[in-house]
Amino acid sequence: MTTYNRMPDLISSSVNIEDDGRQVSQISHSTSGTIYPFTAHSQSAIALLIKEIAKLLRLQEAKKIIYFLGFCTLSTVILLYWCHSTNSMALTAFSFLMIFDILSLLTCLLSVWVQAQQPSSVYSFGYERFEVLAVFACTMLAQLGAFFIIKESIECLLFPPEVHTGRLLVGTAFGLIVHLSVIYAVRNRAFNHVIDASSSSWLQEHVTDMSESLCLFVPGLSKLLLPRINPFSLIGFACSVALLVTYFLIDTHQYYLADPWAAIAIAFMTFGTMFPMSAYTGKILLQTTPSHILGQLDKVLREASTLDGVLEFRHEHFWTLSFGTLAGSVQVRVRRDADEQLVLAHVYNRLNNLVSRLTIQIFKDDWSRSSAYTTAALSGISFPVVTGFPSPPQLASPIHEIYTPAYSPLPSYRPNPMS
């Protein structure tokens, strides 16, 4: 019998540092074990950001968004300066809407970047969820700005300042033109989906009621005013009307309290417009099941449970992954004599029409394990309770599973009904 004892690798190094011919210090390093060379150095966050921006600048759509982003930023700075010169709180509230336009353009730029990315091993479902987070952050910041405007306006009600109306009308017209140009000249995919999918704000509902009455007399306006107006353009026009009323009240009656009251009205309109969007995106971030699809999912699962060999569904979970994309996972328990591939194909075909990213796990019913647990229970033996998904070693039969993420290091698997 031969015994082979391998000694650990020992690497020693000695470095002499000299200064003008004199030895200053001697550094000795001793390392035990195998040394693996580094293949590549990780990039810093700034270098990675510059690299991604350079890729975006090559796209024509991204260049257009960047041009509008610079124009909107410059216009917002000018409008904030006019707010300082006029001492108008209502114009300041309107300029906060311009800041929201800057954030929406950044979200649009993010959407362009997300479309150009490919799923990776870290983000197997892609980067589309970044858009949901960006829209949620923009709407929440707009509501936070509305609370700040309300707080400052209450102080102005106690101590009303003198408002100069020289640039009030010019600032209103300038801000409205810039706001509408950002909304209609740039296609914002993320915000357009949220506008269509989220519930109407209270301002939209009131304007829709008035529009229906108006369209009874002028049917040609139905294409423009119905079913509901774009909430961003609506709040832009509503803020402009509030500023016009403020201008005439101050210019004719010297009623300076009209300015903080108009600012409070603009803040409430902003909050009412942004809240349904933040609620919709917040539910997506919480991975809740969309309410409009619950009935269809229940119907499909009932139909799939009637298939030959299917005993029950376990741990079914369906959620919205991103805008317009539904993901889900489900466990299917089948009989011992059932064809797993056939059941897998049938369940996949039933659910694939609703759920694009689907994970199905199929396992056979284990009678012997159930009998063992029953005998142990009668004998007084207790077992620990395990919650969640059963691990593969606990199952007597192999697990048949289909997993269809956006990224997979292995070749994609499709069930074959004929196998």
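The values are calculated or read from the model by the stated rules, or taken from the named source; none is laboratory data. Everything quoted here is computed from the prediction, not taken from an experiment. Virtual Cβ from ideal backbone geometry, glycine too; neighbours counted across all protein chains shown. Please note that ligands, DNA and RNA were not included when accessible areas were found on the heavy atoms of the full protein model with its side chains. Shrake-Rupley method; radii C 1.70, N 1.55, O 1.52, S 1.80 Å.
So here's what we get for this one:
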read-out	value
Average Cα contact separation per residue, segment 61-208, under 8 Å, 6 or more apart, as relative contact order %	36 percent
Cα-based equivalent ellipsoid of segment 278-344: semi-axis lengths in Å, sorted from largest, via gyration tensor	29, 11, 9
Heavy atoms of residue 303 accessible to a 1.4 Å probe, total area in Å² rounded to 10	70 Å²
Where 53, 183, 250 fall by accessible area, highest first, once all protein chains stay in place (1.4 Å)	53, 183, 250
Sulfur and carbon atoms: percent of accessible area, segment 128-240 [1.4 Å]	70 percent
Where segment 81-171 is the region considered: accessible area per residue in Å², 1.4 Å probe	46 Å²
Hits among aspartates and glutamates - C-alpha to C-alpha of residue 364 under 14 Å, sequence gap 8 or more where chains match	308, 312, 337, 339, 340, 401
Accessible area, probe 1.4 Å, largest first, for residues 310, 245	245, 310
Peptides 205-218, 187-200 ordered by average Cβ neighbours within 10 Å, highest first	187-200, 205-218
Distant-in-sequence amide H partners of residue 316 (H built 1.01 Å from N, under 5 Å)	331
Protection proxy ranking of 153-165, 78-90, 323-335, 290-302 - average other beta-carbon atoms within 10 Å, highest first	78-90, 323-335, 153-165, 290-302
FRET efficiency for residue 312 and residue 54, using Cβ-Cβ distance with R0 set to 41 Å, rounded to 0.05	0.15
Sorted peptide list for 96-104, 63-71, criterion being average Cβ within 10 angstrom, highest first	96-104, 63-71
Whole-percent carbon and sulfur share, accessible surface of segment 50-119, 1.4 Å	68 percent
